[in-house]
């Protein structure tokens, strides 16, 4: 049986380097080598004042914290700051030393929900992640699979209230006099709008059913009621993503309100994807996107639509009577072809797989903040994190090799004067005098500045 291991070694002061304690194959180390974060400061400059206010935190640190939270699936800012203060890989990723204090959670939340609320910085972050995936060959760009999912809103069903509207009234009596140029009398002015009351009824009180047409949430007015048959409805938002088939990278995304027709956003998704992938030739979706206007819009853009029609859209006798039935038959013929079957398989594997990954691992199962624009920012962060994870995983060999070279470095000993610093072999060196036992001469060593984490007196 081995000796008892006490806590004495944990109380020793050692010269350690934070960079050496993080493995070379760490995900965040690879991201630092692959992503140039300088564009964040350029885009964040308009949100800061030059000569007013207190010294601000580097916006790169704030954006990196948000990306780290999306990568790790941490929805709480308090928990994110706690994890970043404990984990060495996150401290190195942010550029913070052992004893440096991280930003408080209020600062990160303010930057996420107020300072960068317009979403331009996060749109650029997502575009940069797509550009890096294209640069490293992770996106083919000729075929995309599109699918959507619902994220639960930060609002309860108890917050629903009836949406009261003014009752319709007759045209005002002073309209004719105003048209003739005469000044209306005070008695002829219109009355304030009156609320329309329900008609009197008899019998048992019917069971009330809320809908998007009759009720609105006081907590989040932009959230909408959605539910599947047999399930209780929830207040949700809708997210739509377009995924490439090569490495399942997200090329375009859109956060929207969960009302209306799902296929209405397909044109915007196609335009966003065409901006990143000019060679886009085909799209694959499910039956929920089927509509004559969708097929027509994609046809005008030169994109082959593998969108299967619903059964009610097809002619019952096989002979199309309208233009919509003719387009539905053509769409069914395309989806039954070999290319259409391949697109269907890719959609189930790529788009639905990416949706499940975003919801289960990157915190998009529910909306963190209230409002459609803030949910869209959350979706952009999640999709950017997903693309960066693909980069770190598939392009990790090159990044790991570069990290190993930087860690190895030239190991040389320089003898310089005490309390002096010099620069040699492309590195700053600092002399340190270590006291020896009595009767022996003190030892003078020189170490690189980046390897000192404690001050030696």
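No lab work stands behind these numbers, since they all come straight from the coordinates. Note that this is a predicted model, so its numbers are computed, not measured. Here the Cβ positions follow ideal geometry from the backbone for every residue, glycine too, while neighbour counts run over all protein chains shown.
Provide the packing ranking of 235-241, 82-88, i.e. peptides ordered by the mean count of other C-beta atoms within 10 Å per residue, highest first.
For the peptides 235-241, 82-88, the packing ranking is 235-241, 82-88.
If I model a spin label at residue 58 and residue 123 as a point 7 Å from the Cα along the Cα→Cβ vector, what separation in nanometres do I get?
2.7 nm
Taking 0.36 nm per intervening residue step and subtracting the Cα-Cα distance, what contour gain separates residue 393 from residue 300 on full extension?
Taking residue 393 through residue 300 to full extension adds about 29.7 nm, to one decimal.
Using a 10 Å cut-off around each Cβ, can you sort 232, 226 from fewest to most neighbouring Cβ atoms?
Numbers: 232 7, 226 18.
Ordered from fewest to most neighbouring Cβ atoms within 10 Å, 232, 226 come out as 232, 226.
Could you sort 210-220, 58-68 so that the peptide with the highest average Cβ count within 10 Å comes first and the rest follow in order?
The peptides rank, most packed first, as 58-68, 210-220.
Using a 10 Å cut-off on Cβ atoms, rank the peptides 329-337, 311-319 from the highest mean neighbour count down.
Those peptides, ordered most packed to least, come out 329-337, 311-319.
At a Förster radius of 35 Å, what calculated FRET efficiency corresponds to the Cβ-Cβ distance of residue 15 and residue 105, to the nearest 0.05?
The formula returns an efficiency of 0.60 here.
Stretch residue 42-residue 142 to full length: gain in nm at 0.36 nm per residue minus the Cα-Cα span?
Going from the current span to full extension adds 32.8 nm.
Could you list 123, 20 in order of exposure, starting from the residue whose Cβ has the fewest other Cβ atoms within 10 Å?
On the way: 123 16, 20 12.
Ordered by Cβ neighbours within 10 Å, fewest first: 20, 123.
Suppose the chain between residue 50 and residue 211 were pulled fully straight at 0.36 nm per residue; how much longer would it get relative to their current alpha carbon spacing?
Extra length from residue 50 to residue 211 when fully extended: 53.1 nm.
Can you put 285, 142 in order of Cβ neighbours within 10 angstrom, beginning with the fewest?
Values: 285 28, 142 13.
In increasing order of surrounding Cβ atoms, one gets 142, 285.
Using a Förster radius of 45 Å, what is the FRET efficiency between residue 281 and residue 319 based on their Cβ-Cβ separation? Nearest 0.05, please.
On the way: r = 31 Å, r/R0 = 0.69.
Efficiency computed from Cβ-Cβ geometry: 0.90.
Give me P(r) over region 274-394, computed from all C-alpha to C-alpha distances, binned every 5 Å, as integer percentages.
In whole percents, the pair-distance histogram is 2, 10, 15, 16, 17, 15, 12, 8, 4, 2, 0.
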